[in-house]
Structure formats: structure tokens, C-alpha cells
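Have a look at the structure below before the remarks.
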Amino acid sequence: MSRVLIIGAGGVASVTVKKCARLPQHFDEIYLASRTVSKCEALQQEVGADRVKGVFAVDADNAKEVEALINEVKPDLVINLALPYQDLPIMDACLATNTDYLDTANYEPKDEAKFEYSWQWAYQDKFKDAGIMALLGSGFDPGVTNVYTAYAAKHYFDEIHYLDIVDCNGGDHGQAFATNFNPEINIREITQRGRYWENGEWKETDPLSVREDLDYQNIGVRASYLMFHEELESIVKHFPTLKRARFWMTFGDAYLNHLRVLEGIGMTSIEPVEFQGQKIVPLEFLKAVLPNPGSLAEGYSGMTCIGTYITGIKDGKEKTIFIYNNCDHAKCNEEVGAQAVSYTTGVPAMIGAALMLNGTWKEAGVWNMEQFDPDPFMDMLNEHGLPWHVLECKRSYSNDREKKNEEGPRGRKLG
Ligand code: NDP
């Protein structure tokens with residue numbers, strides 16, 4: 001019998017809960033806890049009390065509160081779908097109770113917009129000694145993109161050299177400005193300096209200052225901006241043959257104009273300001289007035305295309321492949337009442353959890369997704385709504401800068 005405790009009841013959690021609920025063979029009993037218990041109750045009502053057996057209010061910033069909850073529920077696994085700020089308190093509670101742990105985003109301190117794995121990797125020995133497992137970053141990016149990389153390295157190459165993760169949301173939600181997952185976390189991420197790995201070192205760029213117009217499968221050409229994304233850190237560690245690793249995300253002009261204005265007037269700041277006798281954080285206030293990402297699903301059209309371009313050597317020859325998924329916002333809404341960004345995160349969280357619970361991915365310690373055999377995860381992506389495709393590309397992407405001029409001013413396929 002397996003029992004999971006899911007913490008968080010937002011856009012991503014609602015998808016994971018619904019997907020887990022359909023798979024009693026992996027998830028016998030589901031329990032749900034979050035800061036606002038009414039959101040858990042609403043989800044329980046939607047899914048049924050026979051599948052979501054209990055709901056709880058918890059402040060997951062408080063490790064002792066989470067520990068008490070784990071002692072009450074006694075889950076085999078805690079799925080953390082709250083915010084990155086809660087990763088460490090929830091990991092502490094898992095350690096105190098000898099319980100396995102999974103999340104979709106790496107830890108970030110609330111008072112500093114900085115995300116890196118060092119804080120969670122520091123738990124490696126403690127988790128190993130306790131005989132429990134933590135699976136980090138089981139969403140899409142990080143998550144599926146790490147698994148794509150491991151799959152390519154296993155099946156297509158003798159050695160991988162160049163990696164470009166590309167994330168395009170080609171959808172339209174009809175709002176003037178909205179983020180597709182938690183606005184606070186999203187805006188903190190994209191306003192940071194860009195960073196990529198090249199020839200053994202990290203190189204920095206000004207925020208969103210490097211642009212390429214890339215052509216995405218079944219979407220078309222979109223302006224794509226170089227950003228730092230957490231999976232780069234773990235992938236370059238686990239695939240040391242990589243000479244370069246970069247991450248690109250698409251943003252439309254309207255989105256960037258809104259963002260620049262909001263930044264220009266200080267609304268994206270995380271420094272508290274005095275307002276009518278109390279301290280408020282501008283970005284937290286902004287989150288309160290922006291649309292809830294979970295509410296965007298109705299009427300959202302178009303699709304996402306997220307994938308990894310990998311160039312490497314096979315049998316002495318250089319080649320490039322692209323592994324990707326297209327996910328349709330309207331189909332996700334039809335299936336689980338969610339938009340594609342929540343869906344592409346919530347489904348891999350369910351898959352990672354299922355593989356841990358059935359012992360396929362199971363080893364004491366703290367792990368990133370690319371460290372396990374990718375095949376069972378790739379099979380489950382096909383079975384549970386995120387089918388993937390592999391394109392063998394004609395051109396190498398290793399020396400793209402020199403080739404760019406040959407291809408004219410319009411967008412180009414990376415392959
Ligand atoms: P939401 O803001 O929609 O949901 C977050 C949930 O966590 C809310 O229910 C919120 O409660 C709850 N929460 C926040 N703080 C606490 C706390 N202290 N104690 C208990 N519960 C708390 O976010 P999303 O669903 O969009 O995102 C969830 C996670 O998924 C984030 O960490 C995000 O970074 C990650 N993510 C990962 C992606 C990937 O591909 N790897 C992509 C997209 C997101 P309340 O309702 O009270 O605010």
C-alpha cells in the first residue's frame with residue numbers, strides 16, 4: 001500500500017492530485033495539505049473523498065508543523081508542490097520522520113532572488129544515512145528536460161557536447177499580463193542575470209539581453225531569450241563532457257513591455273517598503289493583483305513546445321538531435337481543468353512519485369532526475385499525456401554562431 005502527502009494546492013498541485021487520483025495502482029491513498037485549507041477542500045470535492053482521503057492546513061515554512069503533519073498522516077512520500085521557499089523546511093521534516101521527498105523547483109531564500117542546488121545537495125549525506133530518498137526537480141524544466149538529456153546520452157551518443165534547452169509557450173490566455181505559474185517565483189526567475197556554461201565556466205549576461213529568433217515545432221518562430229535555469233547546474237555536473245549548456249525561453253513583446261514598466265517603477269522589488277503603517281514587499285503585492293495562473297485555463301488557446309537540442313559524437317561523427325513535447329492548453333483544460341504550464345509540471349511530478357513508490361527509481365540520498373535510468377520515465381510520459389518526439393537534425397548546433405549569418409534574417413530551426 002502506498003500513501004502520499006501532497007503539500008501545496010495551486011495550479012501544479014491540482015494537476016498532480018487529479019493524475020495521481022486516477023492511478024490507484026501507484027497511489028492508494030492521497031492526502032493534501034496547504035496554507036489555505038479551503039483550496040485543498042475544493043480539490044478534494046472535485047476529485048472525491050474516496051481518493052483524497054484527508055485535507056489539512058499547514059504552514060510549510062515551519063518544519064515542526066510539517067513534521068507533526070507527517071507523523072499524523074504517515075505517508076511513504078511527501079510531494080512538495082508549494083513554493084521553492086518551503087523546500088528546506090519540508091526536507092528537514094522528512095529527515096526527522098524518515099520519509100521520502102520529491103519537489104519540482106530548487107530552494108530559493110525568500111529574501112534573496114537566488115536559486116541553486118547547493119542548499120539541497122548539502123542534504124546528501126543526511127538523507128543517505130537515514131536511508132531515505134529525495135528526488136529534486138520532477139517538473140518539466142527542470143525535470144523532463146533532464147530526463148531528455150539522459151535519454152539522448154544513453155541512446156543516441158557516445159559523448160554529448162552541446163545542450164540547448166528551449167522553452168516556448170505559444171499560447172494566448174487573452175490577459176494583458178499574466179504569468180503561467182506562481183507570479184512571484186516566475187518574476188524573480190526571469191529578472192535575474194542570465195548565465196550559461198561554456199568551456200568549464202559559467203558566463204553571465206544582463207537579464208534577457210541575449211535574443212535568438214528560434215523556430216518551434218508546430219508553433220513557428222518566436223523571440224527566445226537566454227536565461228539561467230536550475231537544471232543547467234545539475235546537468236553540467238552530471239555530464240562533464242558538455243562544452244556548453246544554455247537555456248532559452250520565449251517572451252512576447254507585450255509581456256516584456258509590461259515587465260520593464262513594472263521593474264522600472266519598482267513593482268518587482270523584493271525589498272520591503274513602508275505602506276500605511278505596515279511593511280509590504282512590492283512583488284508580493286503585485287502577485288496579489290495579477291491573475292491566478294490556475295485561473296487562466298478557460299479559453300487559453302495554442303500550445304507549448306519544450307525540448308532539448310543536443311549535439312555530440314556517435315561512432316566518431318558529430319550529430320544533433322532535438323527531443324521535445326508539444327502540449328495543447330485547451331486539451332489540458334478539457335482533461336483536468338488546467339493550462340499547459342501547470343499540466344507539463346504536474347504530470348512529471350506524478351510520474352517521479354510513481355517511480356519512487358514502485359521502487360523503479362529508488363536509492364537513498366538526494367538525486368537529480370538525470371541520475372536515474374531515463375527509460376521508464378520516458379515510457380510514462382507517453383502513457384500519461386506528455387508524448388515526446390525525437391528529430392535527427394541536419395545541421396550541427398555546435399558552431400551556430402558562425403552559421404547564423406548563412407541563414408538570413410528570419411528565424412531558424414536550431415537543427
Ligand atoms: P501556486 O502559487 O499556484 O501554488 C502554490 C501553493 O503552495 C499554493 O496552494 C500556496 O498556498 C501553497 N503555499 C505557499 N506557501 C506555503 C506555505 N508556507 N505553506 C503551505 N503551503 C504554501 O504555484 P504553482 O502551482 O504555479 O507552482 C508550484 C511549484 O511548482 C512552485 O515551486 C513552482 O516554482 C514549481 N514549478 C515548476 C516548474 C517546472 O517545470 N519544474 C514549472 C512551473 C512551476 P496559498 O494558496 O495559501 O497561496
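Read-outs: derived from the displayed coordinates by stated rules, not from any lab. Fair warning: this is a prediction, and the values are worked out from it, not measured in the lab. With ideal geometry, Cβ positions are generated from the backbone for all residues, glycine too; neighbour counts draw on all protein chains shown.
The stretch 255-360: which GluC sites (Glu not before Pro) are DSSP loop and have at most 15 other beta-carbon atoms within 10 angstrom? Please report the intermediate quantities before stating the final value.
Working: sites: Glu263, Glu274, Glu284, Glu298, Glu318, Glu334, Glu335; in loops: Glu298.
Filter output for the stretch 255-360: Glu298.
At 1.306 mPa s and 10 °C, plugging the Kirkwood radius over alpha-carbon pairs of the stretch 3-136 into Stokes-Einstein gives what diffusion coefficient in µm²/s?
On the way: Rh = 14.8 Å.
For these conditions, the coefficient is 107 µm²/s.
Assuming R0 = 25 Å, what is the FRET efficiency of Trp119 and Asp213, from their Cβ-Cβ distance, to the nearest 0.05? Walk me through the numbers on the way to the answer.
Working: r = 36 Å, r/R0 = 1.44.
So the FRET efficiency works out to roughly 0.10.
Can you compute the FRET efficiency between Asp375 and Trp202 using 1/(1 + (r/R0)^6), with r the Cβ-Cβ distance and R0 = 45 Å? Round to the nearest 0.05.
Numbers: r = 31 Å, r/R0 = 0.69.
For Asp375 and Trp202, the calculated efficiency is 0.90.
Based on the Cβ-Cβ distance of Gln192 and Ala68, what FRET efficiency does E = 1/(1 + (r/R0)^6) give at R0 = 56 Å, to the nearest 0.05? Mind showing how you got there, number by number?
Numbers: r = 35 Å, r/R0 = 0.63.
Once the sixth-power term is evaluated, E becomes 0.95.
In what order do Ile235, Ile187 fall by count of nearby beta-carbon atoms within 10 Å, going from fewest to most?
On the way: Ile235 27, Ile187 22.
Neighbour counts put them in this order, fewest first: Ile187, Ile235.
Mean residue ellipticity at 222 nm from the helices of the chain, using -39,500 (n - 2.57) per DSSP H segment of n ≥ 4 over the full residue count, to the nearest 500 deg cm²/dmol? Walk me through the intermediate numbers first.
Numbers: 15 runs with 145 residues, N = 415.
Value at 222 nm, helices only, nearest 500: -10000 deg cm²/dmol.
What is the list of residues in the stretch 1-44 whose amide nitrogen lies under 16 Å from a point 7 angstrom out from the Cα of Asp59, following Cα to Cβ?
Answer for the stretch 1-44: 34-37.
All other residues with a Cβ under 11 Å from the Cβ of Phe157 taken together, and with Lys, Arg as +1 and Asp, Glu as -1, what is their net charge?
It works out to a net charge of 0.
In the stretch 15-113, which GluC sites (Glu not before Pro) fall in coil by DSSP and have 15 or fewer other Cβ atoms within 10 Å? Let's see the in-between values first.
Details: sites: Glu29, Glu41, Glu46, Glu65, Glu67, Glu72, Glu112; in loops: Glu112.
Those satisfying the criteria are Glu112.
Which values of log₁₀ I(q)/I(0), to two decimal places, follow from the Debye formula for the chain at q = 0.11, 0.12, 0.13 Å⁻¹ with a uniform point scatterer at every Cα?
Log10 of I(q)/I(0), two decimals: -0.81, -0.97, -1.15.
Out of the trypsin sites (Lys or Arg not before Pro) in the stretch 155-230, which ones are loop residues according to DSSP with at most 16 other C-beta atoms within 10 Å? It would help to have the intermediate numbers written out before the result.
On the way: sites: Arg188, Arg193, Arg195, Lys203, Arg211, Arg222; in loops: Arg193.
Listed in order of number, the matching sites are Arg193.
Full-extension gain between Glu112 and Gln278, please, as 0.36 nm times their residue separation minus the C-alpha to C-alpha distance. Intermediate results must be reported in sequence, preceding the final value.
Details: separation 166, 0.36 × 166 = 59.76 nm, distance 2.07 nm.
Here the answer is 57.7 nm.
Would you please give the residues with an amide H less than 5 Å from that of Gly365, counting only those at least 5 places away or on a separate chain, with H modeled from the backbone geometry?
Placed amide hydrogens put Lys128, Ile132, Met133, Ala134 under 5 Å from Gly365.
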